[in-house]
């Protein structure tokens, strides 16, 4: 049984050790430890969910990873519960990951997938990251803003989940609270006006949105990156993953209908997802010992 199967099987059964609430360099986190108290470190980066790392799924996954011999860490990143992402969010992930161990693997879902890529590209953390697994990531915040405000992606209507609009609005407002061009952009629903309104944002705002886009930085990720997305994702279109796959150094993309956004479905392609996790975990020193 591979380490990935062992971890997922334990998580599914609920036969897992309990998580502890700790602080890593001042960042709140949940940690699950293997039976012998130490091991290779996996950083789990959560999606935008109201319960944050207190989601039962997160605790079962951390426990499953611990049962398979890993130290599993889930930082509670600032405001991600509300779908908000700023430079402070990325900084918190980098800081917690640095404090967790000398070598880490990053596993992220949805918003957390994009954050995992951004953190792995940071020059302070990049040499320590041995692998990244990113499920249903976003690539460009500009693309996400266009989709969230106008319902259009690459000039075509795209039926995105309401959370996309909510998260895009909160993130932009938090990043540039004093920019007078932000409210008109967020209130606009006409895709033909989006580019002109976006151009009216202050240069510092546009630069920040570019800097918070994984597409800008994925070529700086030194470790192999495993991406996965479903063909018709209801949050971030498949095209976002494709853009990332083309821009990175060592990036693989798996497209499978065994995903419903980030939730596995009982389809034949589910074995591919286990393989992605297995390859990422096996890149850690002493994995499966």
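The values are calculated or read from the model by the stated rules, or taken from the named source; none is laboratory data. Fair warning: this is a prediction, and the values are worked out from it, not measured in the lab. A quick note on method: Cβ atoms are made from the backbone with ideal geometry, for glycine too, and the neighbour counts reach across all protein chains shown.
Test residue 116 against the stated conditions and say whether it is in contact with a strand residue (DSSP E or B) (Cβ under 8 Å, 6 or more places away or on another chain), touching a residue at least 40 places away in the same chain (Cβ under 8 Å) and closer than 27 Å to residue 57 by Cα.
Here the answer is yes, as residue 116 does meet what is asked.
Within the range 77-101, can you find the residues that are under 26 Å from residue 16 (Cα atoms), modelled with pLDDT of 95 or more and surrounded by fewer than 21 Cβ atoms within 10 Å (Cβ to Cβ)?
The answer is 98, 99.
Does at least one position in the range 116-123 carry a residue that is surrounded by fewer than 23 Cβ atoms within 10 Å (Cβ to Cβ), in the same structural domain as residue 70 (by TED's automatic domain parsing) and over 13 Å from residue 212 (Cα atoms)?
yes
Can you pull out the residues in the range 236-257 that are surrounded by fewer than 22 Cβ atoms within 10 Å (Cβ to Cβ) and in a loop (DSSP other than H, G, I, E, B)?
If the condition is that a residue be surrounded by fewer than 22 Cβ atoms within 10 Å (Cβ to Cβ) and in a loop (DSSP other than H, G, I, E, B), then 249, 250, 256, 257 are the ones that fit.
Looking at 237, 214, can you tell me which residue is touching a strand residue (DSSP E or B) at 6+ places or on another chain (Cβ under 6 Å) and touching a residue at least 40 places away in the same chain (Cβ under 8 Å)?
Only one candidate passes the filter, namely 237.
Sort out which residues of the range 52-105 are without any contact (Cβ under 8 Å) to a residue 24 or more places away in the chain, closer than 17 Å to residue 118 by Cβ and not in a helix (DSSP H, G or I), and write them in order of number.
The answer is 78, and nothing else.
Conditions (1) assigned by TED's automatic domain parsing to the domain that holds residue 218; (2) over 16 Å from the mean Cα position of the chain (by Cα); (3) within 18 Å of residue 251 (Cα to Cα), marked per residue:
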| site | (1), (2), (3) |
| --- | --- |
| 67 | yes, yes, no |
| 81 | yes, no, no |
| 90 | yes, no, no |
| 96 | yes, no, no |
| 129 | yes, no, yes |
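Among the residues of the range 149-166, write down those that are more than 16 Å from the chain's Cα centre (by Cα) and assigned to a helix (DSSP H, G or I).
Hits for the range 149-166 are 149, 150, 162, 165, 166.
Taking the range 197-218 as the region of interest, how many residues are within 19 Å of residue 111 (Cα to Cα) and outside any loop (DSSP other than H, G, I, E, B)? Explain how you work it out, then say what you get.
Here is the first cut: in the range 197-218, the residues within 19 Å of residue 111 (Cα to Cα) are 208-218.
Checking the rest, the ones that are also outside any loop (DSSP other than H, G, I, E, B) come to 208-211, 214-218.
Total meeting the criteria: 9.
Restricting the search to the range 167-196, which residues are in contact (Cβ under 8 Å) with a residue 12 or more places away in the chain and part of a loop (DSSP other than H, G, I, E, B)?
176, 179, 181, 188, 189, 190
Filter the range 264-284 for residues that are at pLDDT 85 or above and out of contact with any helix residue (DSSP H, G or I) (no Cβ under 6 Å at 6 or more places or on another chain) and give the result.
Once the filter is applied, which keeps residues that are at pLDDT 85 or above and out of contact with any helix residue (DSSP H, G or I) (no Cβ under 6 Å at 6 or more places or on another chain), the range 264-284 yields 271, 272, 273, 275, 276, 279, 280, 282, 283, 284.
Got at least one residue in the range 149-166 being buried (at least 20 other Cβ atoms within 10 Å of the Cβ) and either more than 30 Å from residue 260 (Cβ to Cβ) or in contact with a strand residue (DSSP E or B) (Cβ under 7 Å, 6 or more places away or on another chain) (or both)?
No, that holds for no residue.
One line per residue, one yes/no per condition, for (1) farther than 19 Å from residue 281 by Cα; (2) not in a loop (DSSP other than H, G, I, E, B):
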residue: 107; (1), (2): no, yes
residue: 115; (1), (2): no, yes
residue: 120; (1), (2): no, yes
residue: 124; (1), (2): yes, no
residue: 138; (1), (2): yes, no
residue: 143; (1), (2): yes, yes
residue: 147; (1), (2): yes, yes
